[in-house]
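To start, the structure itself, in structure tokens.
The values are calculated or read from the model by the stated rules, or taken from the named source; none is laboratory data. Since the structure is predicted, the reported quantities are computational estimates derived from the model, not experimental observations. Quick reminder, even Gly has a Cβ in these numbers, built from the backbone with ideal geometry, and neighbours come from all protein chains shown. Accessible surface areas use protein heavy atoms only, side chains included; no ligands, DNA or RNA. Shrake-Rupley method; radii C 1.70, N 1.55, O 1.52, S 1.80 Å.
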Amino acid sequence: NIATHYIKTYPDSPIATYLLDRYYIQDDNMNISQVEDLIRGIRLVQPDNHYVLSLQRQIARKKSGTIGKTLPNIRMQTYRKDSISLDGFKNAHTLIYFWATWMEDAYNILDRVNDFYDKYGRKNDIKIISISLDGEKYQWESYVQADTLNVTHCYDGLTWKAPAATNLGVMSLPYFILADKKHKITAVSNNLDALQDGLEPTTP
């Protein structure tokens, strides 16, 4: 509330832009409509502020990957040298997670995905797609070789410019997206455990 009041009262201040980024853009559970309203207020008095324009582009990316959107028909190469579309699984939930080997907890992420699958995956028919934003392919390959879970591992070497990342609004790692059997996004979070609320209400 304090940040909102400051931004609305002093939209011409550099601090307003900082607060917008720190307390709204970086919040995975942001209220996008509220953020867009705050951005409009700042841009009225700072139309050429490139920092604000950058934040506005981030919001556009975020909106494309929010709840209710449909998974895009984007194809990616898999570890097995074939390709898959992000909306390629029929009659199944889809869990997509973005990660990279340079993440602080990179080598724990597979255990967390395993735990989630053991808890919800089988009974809810969840298919899993892993998308690496690594810059070096060998780092990614050495990691996924050790994977014993039935995960479709994907990589294109484009890091943050990967079409899947830009289309789905990925701005931090790890990033998890859950879609229903009709490919509609039902949950997004940096916290894997929070995705259970995105499963269909009829799930036991």
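Placing +1 on each Lys and Arg Cβ and -1 on each Asp and Glu Cβ, with no other charges, gives region 38-108 a dipole about its Cα centre of roughly 320 debye. Proximity of backbone amide H atoms, modeled 1.01 Å from N, is registered between residue 153 and 79, 130 at under 5 Å, excluding neighbours fewer than 5 places apart on the same chain. The residues of the chain expose on average 54 square angstrom of accessible surface per residue, using a 1.4 Å probe on protein heavy atoms. Sorting 125, 193 by solvent-accessible area of protein heavy atoms yields 193, 125, largest first, with a 1.4 Å probe. Please report how far the C-alpha centroid of region 38-115 lies from that of region 159-200, rounded to the nearest whole angstrom. Cα centroid to Cα centroid, the span is 6 Å. Summarising the overall dimensions of region 81-190 from its C-alpha atoms, the Rg and Dmax are 13.1, 36 angstrom. Charge dipole (Cα centre; +1 on Lys/Arg Cβ, -1 on Asp/Glu Cβ; no other charges) of the chain amounts to roughly 700 debye. Restricting the calculation to alpha carbons of region 1-120 gives Rg and Dmax of 19.1, 55 angstrom. By DSSP, the beta bridges lying fully in the chain are antiparallel in about 55 percent of cases. Pairs exceeding a 20 Å alpha-carbon distance, out of 69/137; 123/181; 69/181; 127/182: 69/137. Counting only the Cα atoms, region 51-101 fills a convex hull of 128 Å³ per residue. Cross-link reach is defined here as a Cα-Cα straight distance under 14 Å, omitting same-chain residues fewer than 8 places apart; for residue 90 the aspartates and glutamates meeting it are 125, 180. Round to the nearest 10 and give me the degree value, 0 to 90, for the angle of helix 32-45's Cα axis relative to the longest principal axis of the chain. On a 0 to 90 degree scale, this one is about 40.
Dipole of the chain computed with +1 at Lys/Arg Cβ and -1 at Asp/Glu Cβ about the Cα centre; of 56, 107, 70, farthest Cα towards the positive end is 70. The apolar share of the surface of region 1-89, taken as the fraction of accessible area on carbon and sulfur atoms (1.4 Å probe, ligands and nucleic acids excluded), comes to 50 percent.
Extents of the chain, taken as max minus min of Cα coordinates on every principal axis and listed largest first, are 54, 42, 29 Å.
Ordering of 1-12, 169-180 by packing is 169-180, 1-12, highest average first (other Cβ atoms within 10 Å, averaged per residue).
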